[in-house]
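Visitor: To start, I am sharing the structure in question, which I have written as structure tokens.
The values are calculated or read from the model by the stated rules, or taken from the named source; none is laboratory data. If you're wondering where the values come from, they're calculated on a predicted model, not measured in any experiment. Here the Cβ is made from the backbone with ideal geometry for all residues, glycine too, and neighbour counts use every protein chain on show. These accessible areas exclude ligands, DNA and RNA; they are computed on the full protein's heavy atoms, side chains included. Shrake-Rupley method; radii C 1.70, N 1.55, O 1.52, S 1.80 Å.
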Amino acid sequence: MVLIAVGILFLLNRIPQTAGLFPHWFFTWPMILIAIGIFTGVKNGFRHIAWLIFIAIGCYFLLYENNLISLNLRPYALPAGLILLGIIVLVKKNRFHKHHYDRCHRHRHGRFGKHPWAPEAGDTDQANDISDDVVSINSTFGNVERNVFSKNFRGGNISSVFGGCQVNFTQADFQGSAVVDVSVMFGGVDIIIPANWNLKNELSVIFGGIEDRRVMSSTAHESGKTLILKGNITFGGVEIKSF
């Protein structure tokens, strides 16, 4: 529907009788960034900051190229972009660890107090439980290969920034569902899962792609295991395989 709408607008702009309906700046490249930001925000319910970044960059260049502002920020674009990218990676990583630590803490201590079998203060079992059952993989300007062996897998996060990452879940196991937050910027991620797992793909893609090469199994629905992929792909790709 988006492609059809954009095609109709371009067609109206090419027809002499309707070309005057649009201002000259409507079909410039900054408007593409603004459109991407609006589309991404609507798709994600305006929960992530990516849509705002695209709109802000598009608005700046639109105003600058139409001489509505004289501030030239182009010499600072690269360092500012690197700083912003680093902040986004750090914030996502810290927020993910806090969320899973709190969830593990509630699971062990219960809703109304501490269970009698919960570890005492100073016990490191909780920390080990988080590190073994929750994956946290970060590939920045490099390549990471990880095998997950946990039989009580709870989810995790996979981040690839200008790098590559391969995560093998064929030896892992869980009950119900598990959520993995995937963040890809100018990188690639390969995810290998068992053939009997169900997969729910909720990834948002901006100038990237998702390739599903799983071998479908007739027992997938019977297993009751669903891996949920959430997050964003920007100028990158995710490939999903199964064995």
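Visitor: Out of the residues in the stretch 157-172 that are surrounded by fewer than 22 Cβ atoms within 10 Å (Cβ to Cβ) and touching a residue at least 40 places away in the same chain (Cβ under 8 Å), state the one that is nearest to VAL205 (Cα to Cα).
Guide: Looking at the filtered set, the residue picked out is VAL161.
Visitor: For ASN196, are the conditions met, namely being open to solvent by 30 Å² or more (accessible area, probe 1.4 Å) and either within 22 Å of LYS43 (Cα to Cα) or among the polar types (S, T, N, Q) (or both)?
Guide: Yes, satisfied.
Visitor: If you go through the stretch 44-66 one residue at a time, do you hit one that is surrounded by fewer than 16 Cβ atoms within 10 Å (Cβ to Cβ), modelled with pLDDT of 75 or more and of a type outside the set (A, V, I, L, M, F, W, C)?
Guide: Yes, the stretch 44-66 has at least one match.
Visitor: Considering the stretch 28-40 alone, what residues qualify as being open to solvent by less than 60 Å² (accessible area, probe 1.4 Å), free of Cβ contacts under 8 Å to residues at least 40 places away in the same chain and not in a loop (DSSP other than H, G, I, E, B)?
Guide: PRO30, MET31, LEU33, ILE34, ALA35, GLY37
Visitor: From (1) open to solvent by 70 Å² or more (accessible area, probe 1.4 Å); (2) out of contact with any Asp or Glu (no Cβ under 8 Å at 6 or more places or on another chain), pick out the condition that doesn't hold for ARG213.
Guide: (2)
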